[in-house]
Amino acid sequence: MKELIIAINSGSSSLKFQVYEFPEEKMIAKGLFERIGLATSMDLTYSLDEAKNRRSVEGETHEDAVKFLLEFLLEQKIVADLSEITGVGHRVAHGGEFFKGSCLVDDEALEKIKSLAHLAPLHNPINIMGIEAFKNNLPACPQVAVFDTSFHQTMPEENFLYPIPYHLYEEEGIRRFGFHGTSHQYVAAEAAKSLGKNVEDLKIISCHLGNGGSICAIKNGRSVITSMGFTPLAGIMMGTRCGDIDPSIVTYLGREKQMSFAEIEQMMNQESGFKGVSGISSDARDIEEAFEQGNPKAILAMNMFCGRVKQTIGSYAAELGGLDVLIFTAGIGENSPIIRQLACEGLSFFGVTVDEQRNNSRQSMISQEDGQVAVMVVPTNEERMIVRETNQLIAN
Ligand code: AMP
């Protein structure tokens, strides 16, 4: 009998799935339901091999999507019986301070995840909907929650606290949490594997540069500092998010411009970053194109973005007391040679080099032959990490 594990990533109007066969850890199907809740039907795109297929699916809720997915797995003969699904792993945005690792979702864990909804009001409630839909439709199957935050729970107190009155941490739980933990953990492990080394023996900086971006310093296989904070708005500049700015800008705009909190939040989350600086686009591809055409705002936006990445790499190398591996991952990190090059420019004084030919030819090792730091491009795969974690927990 087959053993299949499904990775689920529920968004506000979407549900992404990937089905893996174990013990080979081989992906055998993936797909995305979109436009959930926007009409009486939703769109499904899926692939079982290379070809992409589309269909429209009756239904309006995440639960309808899950019901359809289970029927679909039977219809496509991916499973002969639903009991072949041995586990479902869910991406959950926020595990607060409570979840220090992935967990099997029993009633108690589910209540705990619900109680953390105030920390991720746009995400945790939707992730819970995904979990509940599977609980209702596949009640005997173990569900696992894999948190974006839990990898960073190893940060020392001096790195996760903000220098504001301590009681705000004690009473309100205000601290740095960090996000993209599944991705940072995955690429660090993959990089170590491809170097033939133990992740515990390496000092690693992982740059997850996508539409959202964060950087993480990893020592002995553990996160010691990461650039996102109490929320995913903090850290480096992103597609539409500002990242770290002087907090007084917020109070200034409220006081002098009578902007509301909602307006300021919208500006910092949706109207800043690449989009806000360039006035062109939030998409790095558009910025690159305009940069190459000599557009001054695009040049400025690129220099700001790469500068912030570089400054963070520098400070994290200082935090680690050295550096063995520098990783680039996610949409920009995996696909933009120019951003990787600019972010590493001038860092040869601490061993970070980029070989132009390797960088431009999609190789995974892009540092120069004699570079002391292994600079690598490692494709992230959060779904694979989710099914790995799920497999481990159900095996235990
Ligand atoms: P993600 O959030 O990981 O899906 O990454 C999205 C970001 O990756 C967007 O800013 C895209 O513009 C960027 N991206 C994707 N492909 C490329 C590419 N070939 N060159 C530059 N940026 C890219």
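Just to check, using Stokes-Einstein with a Kirkwood Rh over alpha carbon pairs, what's the diffusion coefficient of the stretch 341-396 at 37 °C and 0.692 mPa s in µm²/s? Write out the running numbers ahead of the final one.
On the way: Rh = 13.3 Å.
Here the translational diffusion coefficient equals 248 µm²/s.
Can you bin the stretch 147-242 into rounded, prolate or oblate? Criterion: square roots of the alpha carbon gyration tensor eigenvalues sorted a ≥ b ≥ c, rounded for a/c under 1.5, prolate for a/b above b/c, oblate for the rest. Mind dumping the intermediate values first?
Details: a/c = 2.69, a/b = 1.50, b/c = 1.79.
Oblate.
Tell me the per residue accessible area of the chain using a 1.4 Å probe; a whole number in Å² is fine. Provide the component values of the computation, followed by the final result.
Details: 18490 Å² over 396 residues.
Result: 47 Å² per residue.
For Ser364 and Asn211, what is the calculated FRET efficiency with R₀ set at 25 Å and r taken between the beta-carbons, to the nearest 0.05?
Details: r = 23 Å, r/R0 = 0.90.
The pair Ser364/Asn211 has a calculated efficiency of 0.65.
If exposed GluC sites (Glu not before Pro) are those in a DSSP loop with at most 16 other Cβ within 10 Å, what is the longest stretch of the chain that has none? Could you put the intermediate results ahead of the total?
Details: sites that count: Glu24, Glu25, Glu50, Glu60, Glu97, Glu271, Glu345, Glu369.
For GluC sites (Glu not before Pro) (loop position, at most 16 other Cβ atoms within 10 Å), the longest site-free span of the chain is 98-270.
Run the paramagnetic zone check for Arg35: 7 angstrom along Cα to Cβ, then residues of the stretch 51-74 with backbone nitrogen under 16 Å.
53-62, 65
How high is the FRET efficiency from Asp107 to Ala80, r the C-beta distance, R0 25 Å, rounded to 0.05? All intermediate terms of the calculation are to be shown ahead of the outcome.
Details: r = 31 Å, r/R0 = 1.22.
Given R0 = 25 Å and the Cβ-Cβ separation, E is 0.25.
Viscosity 1.306 mPa s, temperature 10 °C: Stokes-Einstein D of the chain from its Kirkwood Cα radius, in µm² per second? Write down the numbers at each step before the final one.
Working: Rh = 22.3 Å.
The calculation lands on 71 µm²/s.
Taking 7 Å along the Cα-to-C-beta vector as the label spot, tell me the Gln311-Gln341 distance in nanometres, rounded to one decimal.
Distance between label points: 2.4 nm.
Pull up the DSSP beta bridges for the chain and report the antiparallel fraction as a percent, rounded to 5. Don't jump to the answer; show the numbers that get you there.
On the way: 40 of 59 bridges.
Antiparallel: roughly 70 percent of the beta bridges in the chain.
Compute the signed sum of charges (Lys and Arg +1, Asp and Glu -1) over the other residues within less than 12 Å, Cβ to Cβ, of Val309. List each step's numbers first, then the result.
Values: positive: Arg308, Lys310, Arg340; negative: Glu345.
Combined, the nearby Lys, Arg, Asp and Glu give +2.
Find the Rg to Rh ratio for the stretch 54-96, where Rh is the Kirkwood radius over alpha-carbon pairs and Rg uses the same atoms.
Answer for the stretch 54-96: 1.06.
Specify the residue with the greatest mean-square fluctuation among Leu168, Leu82, Leu209, computed from a Gaussian network of the chain linking alpha-carbon atoms under 10 Å apart.
Leu168
Calculate log10 I(q)/I(0) of the stretch 194-253 for q = 0.12, 0.19, 0.25, 0.27 Å⁻¹, where I(q) comes from the Debye formula with a single equal point scatterer on each Cα and nothing for solvent.
Here log10 of I(q) over I(0) equals -0.39, -0.75, -0.99, -1.06.
Just how large is the dipole of the stretch 148-211 about the Cα centre, in debye to the nearest 20, putting +1 at every Lys and Arg Cβ and -1 at every Asp and Glu Cβ? Don't jump to the answer; show the numbers that get you there.
Details: 5 positive and 9 negative charges, 75 e Å.
Its charge dipole is roughly 360 debye.
Over the stretch 154-193, what lengths in whole Å, largest first, do the semi-axes of the equivalent ellipsoid take, defined as the square roots of 5 times the eigenvalues of the alpha-carbon gyration tensor?
Details: eigenvalues 172, 18, 7 Å².
They are 29, 9, 6 Å, listed from largest to smallest.
Return the FRET efficiency for the residue pair Asp244, Asn137: r is the Cβ-Cβ distance, R0 is 45 Å, and the value is rounded to the nearest 0.05. Let's see the in-between values first.
Working: r = 43 Å, r/R0 = 0.95.
In this case the efficiency is close to 0.60.
Give the Rg (one decimal place) followed by the Dmax (whole number) of the stretch 1-129, computed from C-alpha coordinates and expressed in Å.
15.4, 42
For the stretch 1-62, taking Cα atoms only, what is the radius of gyration to one decimal and the Dmax to the nearest whole Å?
Calculated on Cα positions, Rg and Dmax stand at 12.8, 39 Å.
Separation between the Glu71 and Ile299 pseudo-spin-labels, each 7 Å from Cα along Cα→Cβ, expressed in nm?
5.8
Counting pairs of Cα atoms in the stretch 229-315, how many percent are more than 19 Å apart?
On the way: 1584 of 3741 pairs.
Roughly 42 percent, rounded to a whole number.
Please identify every one of the chymotrypsin sites (Phe, Trp or Tyr not before Pro) in the stretch 161-190 that sits in a loop by DSSP and has no more than 14 other beta carbons within 10 Å of its own beta carbon.
Values: sites: Tyr166, Tyr169, Phe177, Phe179, Tyr186; in loops: Tyr166, Phe177, Phe179.
Taking the stretch 161-190 and a limit of 14 other Cβ atoms within 10 Å, the loop chymotrypsin sites (Phe, Trp or Tyr not before Pro) found are Tyr166.
Would you please classify the overall shape of the stretch 104-165 from the alpha carbon gyration tensor, given that a ≥ b ≥ c denote the square roots of the eigenvalues, rounded means a/c under 1.5, and beyond that prolate means a/b larger than b/c while oblate covers the rest?
On the way: a/c = 3.22, a/b = 2.18, b/c = 1.48.
It comes out prolate by the Cα gyration axes.
Let me check I've understood the local charge: for Ser248, count other residues with C-beta under 12 angstrom from its C-beta, Lys and Arg +1, Asp and Glu -1. What total comes out? Before the final figure, lay out each step's value.
Working: positive: Arg255; negative: Asp246, Glu256.
Around Ser248, the surrounding residues sum to -1.
Express in nm, to one decimal, how much length is gained between Glu319 and Asp43 on full extension, taking 0.36 nm for each residue of separation and deducting their alpha carbon distance. Show your work: numbers first, answer last.
On the way: separation 276, 0.36 × 276 = 99.36 nm, distance 4.62 nm.
Extra length available between Glu319 and Asp43 comes to 94.7 nm.
May I ask for the Kirkwood hydrodynamic radius of the stretch 300-396, worked out over all distinct Cα pairs and given in angstroms to one decimal?
Numbers: mean 1/r = 0.0688 Å⁻¹.
After inverting the mean inverse Cα-Cα distance, the result is 14.5 Å.
Please work out the ratio of the alpha-carbon Rg of the stretch 77-188 to 2.2 N^0.38 Å and round it to two decimals.
On the way: Rg = 16.1 Å, N = 112, 2.2 N^0.38 = 13.2 Å.
Normalised Cα radius of gyration, the stretch 77-188: 1.22.
Leaving ligands, DNA and RNA out of it, report the carbon-plus-sulfur percent of the accessible area of the stretch 1-107 at a 1.4 Å probe.
Values: 2440 of 5170 Å².
On the stretch 1-107, the fraction of accessible area on carbon and sulfur atoms equals 47 percent.
For n ≥ 4 DSSP H runs only, could you compute -39500 (n - 2.57) per run for the chain, divide by its residues and tell me the 222 nm figure to the nearest 500?
Working: 15 runs with 155 residues, N = 396.
Calculated from helices alone, the mean residue ellipticity at 222 nm is -11500 deg cm²/dmol.
When the scattering of the stretch 307-359 is computed by the Debye formula from its Cα atoms alone, each counted once and equally, what is log10 I(q)/I(0) at q = 0.14, 0.23, 0.25, 0.26 Å⁻¹?
With no solvent term, the Cα-only Debye profile gives -0.34, -0.93, -1.09, -1.16.
The values are calculated or read from the model by the stated rules, or taken from the named source; none is laboratory data. Just so we're clear, the structure is a prediction, and the values are computed from it rather than from any experiment. Every residue, glycine as well, gets a Cβ built from its backbone with ideal geometry; the counts of neighbours run over all protein chains shown. These accessible areas exclude ligands, DNA and RNA; they are computed on the full protein's heavy atoms, side chains included. Shrake-Rupley method; radii C 1.70, N 1.55, O 1.52, S 1.80 Å.
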